[in-house]
Amino acid sequence: MSIQQRLAKLNPRQQEAVRYIDGPCLVLAGAGSGKTSVITTKIAYLVQVCGMSARRIAAVTFTNKAAREMKERVGQMLKGKEGHGLTVSTFHTLGLNIIRGELKALGYKPGFSLFDPEDAKALLRDLMNKDAQVDAEQINAVQHQISEWKNDLVLPGQALSHAVDEDEQYAARVYEAYVRHLKAYNAVDFDDLILLPVVLLKDHPEVLARWRRKIHYMLVDEYQDTNVSQYLLVKLLMAERKTFTVVGDDDQSIYAWRGARPENLVTLGEDFPRLNVIKLEQNYRSTGTILRAANTLIANNPHVYEKTLWSEMGQGAPIRVVVNRHEEAEAERVASEILTRRIKERAEWRDFAVLYRGNFQARLLELKLQHYQIPYKLSGGTSFFSRNEIKDAMAYLRLLINPADDNAFLRIVNVPRREIGPGTLEKLANYATERGVSLFDACHELGLEQQLPARAVERLSRFTHFIDGVRRRMDGGDALAAIRGMLLEMDYEAWLYQNASAPTIAERRMANVWTLIDQLEKSMRRDPEEIEAEDAAETDDVEAAISRLVLRDILEQQAEEDDTDKVQLLTMHASKGLEFPHVYLMGLEEELLPHRNAIEAGTVEEERRLAYVGITRARQTLTLTLARQRKAFGELMDCTPSRFLDELPTDDLEWEGRADREDPEKKQARGQDAIAGLRSLLG
Ligand code: ATP
Ligand code: MG
């Protein structure tokens with residue numbers, strides 16, 4: 001398709017936005033109105049119609065996923081060399097490139113390192129512990145404060161002079177030392193990727209001139225989520241030419257907690273009085289019903305700019321609200337529905353997306369999806385089996401059923417800490433190889449005493465006796481009780497607390513481990529109320545159940561990265577800019593969405609925008625799910641349906657399961673119907 005044909009497909013307002021190239025341009029419009037489409041078409045327009053070199057164009061957005069998608073869309077339009085040198089990246093990648101090109105001016109040596117938040121935290125811990133013992137929470141607070149300063153372009157000197165109380169003064173002093181140490185390590189942190197380029201461009205006119213010569217046109221997607229530093233970066237680069245296009249939607253501003261300034265939309269008009277503001281009103285993504293829900297919900301927020309969105313996509317299906325008994329039933333419901341709906345609606349896996357407020361909500365869902373062998377991709381956040389605590393627990397399980405599993409042995413022999421060092425393990429391994437036995441068995445052999453000091457031998461055999469003891473108890477009766485007892489006896493929880501940066505993290509990790517054990521129990525004993533797949537019918541012993549879990553784990557690791565036909569699992573935050581035919585929004589409960597912290601902090605409006613973002617990802621169908629009870633802090637708690645449900649148009653909602661609990665027999669029958677129906681569909 002030629003660029004002219006592409007342009008012809010856009011509506012007049014979109015065309016205007018693409019064609020306007022002489023000055024600053026802001027496209028302010030609601031979800032699904034084609035803002036990102038304007039950006040991608042405009043890049044092609046600049047190259048193919050205006051004859052601008054792709055090298056002179058920089059398009060930036062926020063997430064890697066969004067940048068990748070944009071690159072793909074542009075790649076389809078530009079042929080061969082046309083796209084050479086084009087920058088389509090996240091803000092942070094652009095910053096990284098500037099830093100790379102300007103190391104000398106910045107006073108950095110080549111080969112600098114980028115500290116991730118964990119590295120940064122470790123440095124802060126060292127610095128803060130110099131004065132007095134500090135706890136994880138204090139470190140987090142200071143880290144957050146420093147990040148805020150950096151996002152707001154506040155340097156250590158300014159932070160110190162503006163500090164309003166002792167806490168801020170302290171944080172500012174740590175900030176100063178932190179920056180000094182980073183420099184000494186030749187390292188930068190995540191926020192520096194924006195801050196350093198801005199400071200550099202401000203202070204070095206010759207560097208600024210060089211980058212202004214390099215970048216002639218800038219395009220920014222999701223502009224409402226820029227922070228002060230990011231806006232300044234755009235402003236510095238574009239101040240002279242004033243040639244840029246930014247697109248955004250104030251109703252989708254969901255990163256205030258990370259320093260985003262939706263007021264940047266207003267600032268832009270002040271800084272660039274000739275700003276051409278273009279509004280788009282037609283939505284090309286969602287059915288009328290979905291759009292009405294989104295509009296009605298967001299009308300509860302105050303608005304700076306009035307926007308009206310309409311769609312020609314037809315009314316579509318009503319929005320379903322599914323109330324479940326508890327969180328596990330919710331996950332089960334979503335997974336089994338996707339399984340049947342894929343066939344009924346002739347959809348692909350990738351047509352389904354499940355969105356949730358926090359990554360932890362994916363835990364149960366993943367297990368259910370695996371159970372039904374539904375391929376899925378988890379964005380952001382670590383998939384269940386690759387979490388460290390799950391790997392540890394799995395290693396224990398593997399060692400219990402197979403003491404010869406040397407890898408499992410090595411993973412957990414010193415977890416929790418048993419003072420068994422790498423030197424000891426190396427000698428043990430040599431000895432085991434020589435004798436042709438497993439590491440576990442080598443610990444029992446008498447000859448070991450000649451190789452290792454008595455103390456090391458004793459520690460090793462204490463470990464193997466511990467494992468042997470658990471094995472005996474497993475053989476003797478209740479295997480699950482023995483496994484749970486093992487976790488308690490070695491106090492794995494205490495180990496997690498020692499190693500987590502915050503108690504809540506340790507808590508969550510321990511909850512993950514218990515979920516794994518619950519899962520093991522499930523696959524041993526069938527819950528008569530659950531709809532299970534065939535393979536679970538053969539009730540069996542713990543060994544078989546453990547090997548099934550191990551297999552799941554291996555299968556997941558083997559899952560090919562480039563195989564893209566998968567159900568998408570992502571947080572609402574990560575879903576920005578994306579769209580899917582069928583969307584599930586999970587956990588529509590008070591304290592979850594809106595989140596408890598937001599309710600307490602009085603920032604429910606941002607949560608409403610988050611729900612708006614989630615709803616507007618859907619093209620054809622939207623399903624909202626919630627649970628009547630959910631586990632929190634190890635206890636089952638009653639949940640209240642989210643206030644956002646009350647804010648949606650009543651007539652468009654179709655409730656399921658709101659009445660009292662359904663007769664279990666009827667439910668069972670329905671489940672069997674579903675499976676029978678599925679089988680017949682599969683032939
Ligand atoms: P969001 O606010 O969620 O980021 P957006 O405003 O960036 O949404 P796009 O993702 O660009 O919207 O477009 C939404 C959908 O509408 C896409 O599938 C896109 O291909 C389609 N679309 C955009 N403009 C048109 C048009 N003029 N005609 C037909 N389809 C269009
Ligand atoms: Mg977009």
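Side notes on the structure shown:
- Straightening the chain between Thr650 and Gln315 buys 119.1 nm, computed as 0.36 nm per residue apart minus the Cα-Cα spacing.
- For the stretch 27-183: rounded, prolate or oblate by the Cα gyration tensor [a/c cutoff 1.5]: prolate
- For Gln15 and Val199, the FRET efficiency from 1/(1 + (r/R0)^6), where r spans their Cβ atoms and R0 equals 22 Å, is about 0.05.
- Antiparallel bridges, percent of DSSP beta bridges restricted to the chain (to nearest 5): 10
- Angle between the chain longest axis and helix 205-214 axis [Cα atoms, degrees, rounded to 10]: 90
- With an a/c value of 1.5 or above and a/b not larger than b/c for the gyration tensor axes a ≥ b ≥ c computed over the alpha-carbon atoms, the chain is described as oblate.
- Under the shape rule built on the C-alpha gyration tensor, where the axes satisfy a ≥ b ≥ c, the stretch 603-656 is prolate, since a/c reaches at least 1.5 and a/b is greater than b/c.
- Applying 1/(1 + (r/R0)^6) with R0 = 25 Å to the Cβ-Cβ distance of Met1 and Ala347 gives a FRET efficiency near 0.45.
- Pairwise inverse Cα distances across the stretch 80-153, averaged and inverted, put the Kirkwood hydrodynamic radius at 15.3 Å.
- Relative contact order [Cα under 8 Å, 6+ residues apart], the chain, whole percent: 18
- A simple spin-label model places pseudo-atoms 7 Å from Cα toward Cβ; at Ser161 and Lys130 they are separated by 2.4 nm.
- Computed from phi, the 3J(HN,Hα) profile of the stretch 425-442 under the Karplus parametrisation 6.51, -1.76, 1.60 (θ = phi - 60°) reads 5, 5, 5, 4, 5, 4, 5, 5, 4, 4, 8, x, 10, 6, 4, 4, 5, 4 Hz, with x in place of Gly and Pro.
- The chain - charge dipole about Cα centre, Lys and Arg +1 at Cβ, Asp and Glu -1, debye rounded to 20: 3040
- 14 Å beta-carbon shell around Ile420, net charge (K/R +1, D/E -1): +4
- Helix 604-615 and the longest principal axis of the C-alpha atoms of the chain enclose an angle of approximately 90°.
- Size-normalised alpha-carbon gyration radius of the stretch 113-185, reference 2.2 N^0.38 Å: 1.02
- Under the combined filter of DSSP loop state and at most 12 neighbouring Cβ atoms within 10 Å, the stretch 234-293 retains these trypsin sites (Lys or Arg not before Pro): Arg274.
- Cα-based reach from Lys81 at 22 Å (exclusive), listing lysines while leaving out same-chain residues under 8 positions away: Lys42, Lys71, Lys214
- Computed extension gain for Asp22 through Arg213, at 0.36 nm per residue and net of the alpha carbon distance, reaches 67.1 nm.
- A straight chain from Ser386 to His303 at 0.36 nm per residue would run longer than the Cα-Cα distance by 25.6 nm.
- In the stretch 338-434, GluC sites (Glu not before Pro) in a DSSP loop with at most 14 other beta-carbon atoms within 10 Å: Glu345, Glu348, Glu419
A short reminder: the numbers here are calculations on the coordinates, not readings from a lab. Everything numeric in this text was worked out from a predicted model, so none of it was measured. Cβ: placed from backbone, ideal geometry, glycine included. Neighbour counts: every protein chain shown.
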